[in-house]
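Below is one structure, written out as structure tokens; the observations come after it.
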Amino acid sequence: MTVRPAHLGDAEAVRAIRNHAVEHSTALWTDTPQSPAEGAAWLSTHIERGSAFVADVDGEVAGFAVYGPWRELDGYRHTVEDSVYVREGRHGLGIGSALLATLVTAAREAGHRVVVAGIEAENTASIRLHERFGFRHAGTLPEVGTKFGRRLDLALMRLALN
């Protein structure tokens, strides 16, 4: 496995992973899959920022990670939010860990001070992954989301980079 910066040629593979999460999980709180144009534009924004990475396993994109602004106001300019997704059937192989390690290093090198993770509170695998990298629970917002007819709680985690 190689973790490398994403490029536009990865857009369709990244979109497929995202859309699978949209359609089959509570990781992304939307019911609307991305179109090819939307997926390319979304990834392009992260590529331009230098905040998009993919895990390449034998020429296949097996996962991706991005960070972006946590909030748009300039007072939050040193805080970013992470997203890590692994292709279905590739979980438990260390791909998420490799992606998150790269993402944290990149955010630190870019001068950010804090990484925030907003995780559906029952997603224990993602919570454990973030805990292994030193993220700490910062609070839970009950019933702030809905998907698949369920009310969802949002666990907030944070990692100080300094």
Report task. Within region 102-139, track down each residue that is in contact (Cβ under 8 Å) with a residue 60 or more places away in the chain and farther than 18 Å from Asp153 by Cα. Result -> Thr102, Ala110
Query raised in the report: Restricting attention to region 10-21, does a residue exist that is over 23 Å from Ser126 (Cβ atoms), outside any helix (DSSP H, G or I), modelled with pLDDT of 95 or more and more than 16 Å from the chain's Cα centre (by Cα)?
Result: no
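Mind checking which residues of region 22-45 are assigned to a helix (DSSP H, G or I) and either among the β-branched types (Val, Ile, Thr) or open to solvent by 20 Å² or more (accessible area, probe 1.4 Å) (or both)?
Across region 22-45, the qualifying residues are Val22, Glu23, His24, Pro36, Ala37, Glu38, Ala40, Ala41, Trp42, Ser44, Thr45.
The values are calculated or read from the model by the stated rules, or taken from the named source; none is laboratory data. In this text, all values refer to a predicted model and were calculated from it rather than measured experimentally. Counting neighbours? That spans all protein chains shown, and the Cβs are built from the backbone with ideal geometry, glycine included. The area values use the complete protein model at the heavy-atom level, side chains included, leaving out ligands, DNA and RNA. Shrake-Rupley method; radii C 1.70, N 1.55, O 1.52, S 1.80 Å.
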